[in-house]
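Quick note: the coordinates plus some simple rules give every number you see, no bench work behind them. Fair warning: this is a prediction, and the values are worked out from it, not measured in the lab. Cβ coordinates were reconstructed from backbone atoms using ideal geometry, including for glycine residues, and neighbour counts include every protein chain displayed.
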């Protein structure tokens, strides 16, 4: 029966071809360092899931942001777990992305023919940092407020356009409701869309070209 | 890499692949294990450490030391090495170049070598960068450790450490029933300074609570300080506090905020600790908060301490009021019932009240809606007002302290003694509530208020005691201390000082309006700003009706409303609003003086107001209270004698001072409005009193 359904679906989706290409492809013998990439992907997906759950309760206004975070942490069943995973997952994403980058660097995996994979990877690192920076303000506690004040100030140091960048980031002279709305919008719409697109390209390239073999001494 | 090298690499890679393993399941298995491991670590962090949350963002708090998330710390630290104008290099140029370098890496390093030992420059550079980032991060953490512990601070403990620990060590063992608040504020005992001048009432309360229940303070920090800031503690009212624990999440003020279910999550012992911290078992404070609403400053009590304990504990069924019918004459009962309906207009009842009622009612005159019901209650007696069952509300320690205090005070300690001494010795010159007045000993001099918080904050008890004891010969105040030839012994001096100090936390009901720039109503003379009537039209009329006939809000033009509350209560309601009703807290939008104007105007809506505009009604009472100290036949200032209708209308150096029907030209009206020489010299009358005088003159200044 299952086979029949599989056949029927295959006639329409050719999923067996995709399965062969993606999962049955041969891969060189690799070591545990090669799990860093997929681990990063796993944490990114976990951030997406917990993030979506958080938006169900989180309110991005200065009046309610802090209270809603307190509510999520103290009242909501398993809210502490969801917020805890998201909080620590943020750090984990940064750590894993950097470790993955170092693995790729030391194994010479950015070289021909994987230059494009490397470049999308570097941009992904910037997106991850962007996630960290915008997400930090959202709990609207002392730490997030003042860290963002300083962070946006630093952005304002840029020559000529600094003031302009500062005003765009904050949505005005000071950190306000507009800033919170902007950071929230960036954190849950702009960055995730960018991330999804880049991960798509990155994975397509990984599957198409294949992962590097561990370089030999004479290579 | 040239074409040949490229081809060679691809060929070799193909061979590697063929020797390799399928992605599924071999690689997927490894990836799954790694992912699972990471998930377990993250879940453990979430469970054991949790996601931190500091206090709500406070843009006004510039003392906060901002710190970025840890993975930005290295950048933060790097900025420190680029001071001033160079900052842009550390903040922008270097990170920008570094990212550019990362992106362009595959095009910069185009050698075919892959093993890291075969490309030492790249390997070492990357190592240096990573080491540098680690070094900067560690340096940043070490230079300024993240202020994690600052998140929850036991402020009461900090207050204790700063002010008390030097002499008292880590804690003080206080015998039950001690007036801790009083001791801290007045510093009565050996060598201890009076903290009343340095610490606010809230802070003293917090200290007393901490000393008696350090555990409660810690629990408060743990459970409550997220929302309630110490030492401005949530509430000192045991009735409210008990409700929080009884009603849990249903407690109305907690309904809209997310709090834990306090009645389930906190143990009995913890509740007791918290209650003892929030409402310290301090007899005097507990009496002021819980009892003085009905009993004034003290009760007379003749029984034993055990009986008093039972009385307070059981509440409800406490001492029934005796049926006065038979004991008192019809005339006396009549005078008394008029007095309790409106003490201001029936001053004659005061003496009777003092004789028969004050031993239980203290100086608090119970409010009766009308004379008929007052007469009924007085003649039949019985349990007319139910005392709360304090045994259910107070903790054992609090009850003990309250009983001890009440018992001691009833025997003639505490503020009641001070109040009597003050009335006997001081109030002739300083006024009943220390509001001051013209100096009888020094013509042209005015005695400033001594009950204002400014005055009390800036003088400690020793200073006040010295002033009383030594007098102020330059200003005509004779020495009162026995050692200086005065009538008062040391205990009596202390009692008066304690009574005066008490004003700081409990300002007298008729607080003198100290500020001279208070706007006063001027219905018939010049109008510098909005009048009470105009304010009423803007703020109140839409709910209470344009002439106070009521609507969404209660009506003002009925006797029940007007006699049901004094000016102070009316002021408080306007200023603070009513949480249970749509009544707004006008204090946010109206100034102090504007609310006073409103109170004055609302009083004119009293149906009996027009009838009270006669000399024998409210006017003589106002004169007696405010003018007769200087304008009497013996001490006839400005030639004006205000003690009788006849003399008020005819005497005076510029007689007549009252021109019936013409308030604008009447000297009296001008004086009380501060247009000529300000009268009374110590500060304006209350707006409602000014309104009465102006309207009385405008109505032709009738005698009866």
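Using the Cβ-Cβ distance between residue B:12 and residue A:95 with R0 = 45 Å, the FRET efficiency computed as 1/(1 + (r/R0)^6) comes to roughly 0.85. Entry note, segment B:412-505: relative contact order of 31 percent, from Cα contacts under 8 Å with a spacing of 6+ residues. Averaged over the residues of A:19-30, the number of partner chain Cβ atoms lying within 10 Å of the residue Cβ comes to 5.
By DSSP, the beta bridges lying fully in the protein assembly as shown are antiparallel in about 80 percent of cases. Note on A:116-123: average number of Cβ atoms from other chains within 10 Å of each residue's Cβ is 3. Our summary of shape: the Cα atoms of segment A:1-79 have principal axis extents of 54, 38, 21 Å, ordered from largest down, in whole angstrom. Global size of segment A:31-209: 17.8, 53 Å for Rg and Dmax (C-alpha atoms, Rg to one decimal, Dmax whole).
Summed over qualifying helices (DSSP H, 4 residues or more, each -39500 (n - 2.57)) and divided by its residue number, chain A shows a 222 nm mean residue ellipticity of -23000 deg cm²/dmol.
The relative contact order of segment B:595-644, computed from alpha carbon pairs under 8 Å that lie at least 6 residues apart in sequence, is 23 percent.
Percentage of Cα-Cα pair distances in the protein assembly as shown greater than 41 Å, rounded to whole percent? Roughly 57 percent, rounded to a whole number.
Remark: spin-label model distance residue B:568-residue A:49 equals 6.3 nm, labels positioned 7 Å along the Cα→Cβ axis.
Across segment B:412-505, the volume of the C-alpha convex hull divided among the residues equals 90 Å³ per residue. Maximal additional length on extending the residue B:222-residue B:97 stretch stands at 40.3 nm, based on 0.36 nm per residue less the C-alpha distance. Each listed q (0.19, 0.24 Å⁻¹) maps to a log10 I(q)/I(0) for segment B:539-601 from the Debye sum over equal C-alpha point scatterers, namely -0.70, -1.17.
With a simple spin-label model that places each label point 7 Å from the Cα along the Cα-to-Cβ direction, the separation between residue B:610 and residue A:19 comes to 9.8 nm.
Relative to one another, the C-alpha centroids of segment B:421-494 and segment A:22-66 are positioned 76 Å apart. The simple Förster model, with R0 at 30 Å and r as the Cβ-Cβ distance, assigns residue B:331 and residue B:646 a FRET efficiency of 0.65.
Segment A:93-121 and segment B:532-564 have Cα centres separated by 76 Å. Across segment B:449-499, Cα pairs under 8 Å and at least six residues apart give a relative contact order of 24 percent.
FRET efficiency for the pair residue B:246 and residue B:432, taken as 1/(1 + (r/R0)^6) with r the Cβ-Cβ distance and R0 = 41 Å, rounds to 0.50. Remark: spin-label model distance residue B:445-residue A:193 equals 8.1 nm, labels positioned 7 Å along the Cα→Cβ axis. Where q = 0.22, 0.24 Å⁻¹, what log10 of I(q)/I(0) comes from the Debye formula for segment B:621-694, counting one point per Cα? Each listed q corresponds, in turn, to -1.02, -1.24.
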